[in-house]
Amino acid sequence: MEVHHHGHHGHDKKKLKNYFYDFLMLFLAVFCGFLAEYQLEHLIENQREKKLISSFVEDIKTDTALVSVYEKLNNEKIKQMDSLIWYLNSPDYNKHSQRIYFFGRQLTRRYAFYSSDGTIKQLKNSGGFRLIKNKNAIDSINSYDQAMQRILLTQDVQTSELEYIKPMIGKLLNANILETMVFKDIITPPQGNPPLRKVSEDFILDFIYSIHQMKGSLVLNTSRLNQLKEKGTKIIVSIKNEYHIE
């Protein structure tokens, strides 16, 4: 007697369906996990981007406040240089030696501006620029950094000019008189009208030329500081609008 077994094909089909269903569920679970991880990573990167941008804005605010202070200091220094040149050009400059001593000693005082560049350094050194998705923000950061580099370049020139004129100051002004004029960080005019050291008219003209050079660099630096402040103010407004920062 022949016996026919039925149902094996149906059972196999059911097992295949179960396998496919299990595979589909596993795939969906993995895929959803991937999407969730991607979304989380994207959210974290957005938060880091906004944090970096907010930090950059705060750096600019600090710079802007400092620039205003340095502009006043530089403008006062420029006036002192103008006065010193005027006194040295007087027919008898020895009559104005007190002011020449005072302004001559002030020449050695220099106020160097340094930007709050912590955020820019972080962006450069840690690959943080990849987090900045907004092209306008990247352009603003680079533009601001370039403006700051121009200021640093001018200040390097000022350092060289100051080192050049220092020996000349020592040849024109009596060091013993200068010693009486400085108390801690305060410079005061000398008592009376002390004589200058004996120098030639050509030396006076060379000295005036060196002051002229220093003044030119200081005027340029002040102009670049003002440009940095104006650029920073515009960048703050633009970035706040782009990132909805208060």
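The values are calculated or read from the model by the stated rules, or taken from the named source; none is laboratory data. The structure presented is a predicted model; accordingly, all values stated were derived computationally and were not measured. Cβ sites come from the backbone with ideal geometry, for glycine too, and all protein chains shown count toward neighbours. Each accessible area value is taken on the protein alone, full model and side chains, heavy atoms only, with ligands, DNA and RNA left out. Shrake-Rupley method; radii C 1.70, N 1.55, O 1.52, S 1.80 Å.
Table for the structure above
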| item | result |
| --- | --- |
| Conditions (1) open to solvent by 60 Å² or more (accessible area, probe 1.4 Å); (2) outside any helix (DSSP H, G or I): number failed by Val69 | (2) |
| Residues within the range 38-49 that are open to solvent by 90 Å² or more (accessible area, probe 1.4 Å) and at pLDDT 65 or above, tallied | 2 |
| Residue satisfying condition, being touching a helix residue (DSSP H, G or I) at 6+ places or on another chain (Cβ under 8 Å) and within 30 Å of Tyr144 (Cβ to Cβ), within set Lys234, Lys229 | Lys229 |
| Pair list, Cβ under 6 Å, 6 or more apart: the range 113-133 residue within 25 Å of Leu225 (Cβ to Cβ) and open to solvent by less than 80 Å² (accessible area, probe 1.4 Å), other residue in a helix (DSSP H, G or I) and modelled with pLDDT under 85 | Leu123/Phe129 |
| Of residues in the range 81-101 being at pLDDT 95 or above and open to solvent by less than 30 Å² (accessible area, probe 1.4 Å), the one nearest to Lys135 (Cα to Cα) | Met81 |
| Candidates Ile165, Ile211, filtered to the one that is without any contact (Cβ under 8 Å) to a residue 60 or more places away in the chain, hydrophobic (A, V, I, L, M, F, W, C) and crowded, with 18+ Cβ neighbours inside 10 Å | Ile165 |
| Residues of the range 149-162 classified as open to solvent by 90 Å² or more (accessible area, probe 1.4 Å) and either under 25 Å from Ser97 (Cβ atoms) or aliphatic (A, V, I, L, M) (or both), total | 1 |
| Matching residues, the range 175-184, being surrounded by fewer than 16 Cβ atoms within 10 Å (Cβ to Cβ) and either in contact (Cβ under 8 Å) with a residue 12 or more places away in the chain or closer than 21 Å to Ile78 by Cβ (or both) | Val182 |
| Candidates Glu246, Glu201, filtered to the one that is surrounded by fewer than 14 Cβ atoms within 10 Å (Cβ to Cβ), among the charged types (D, E, K, R) and closer than 26 Å to Lys79 by Cβ | Glu201 |
| Checking Ser83 against (1) free of Cβ contacts under 8 Å to residues at least 24 places away in the same chain; (2) over 26 Å from Glu179 (Cβ atoms); (3) in a helix (DSSP H, G or I), the condition it does not meet | (2) |
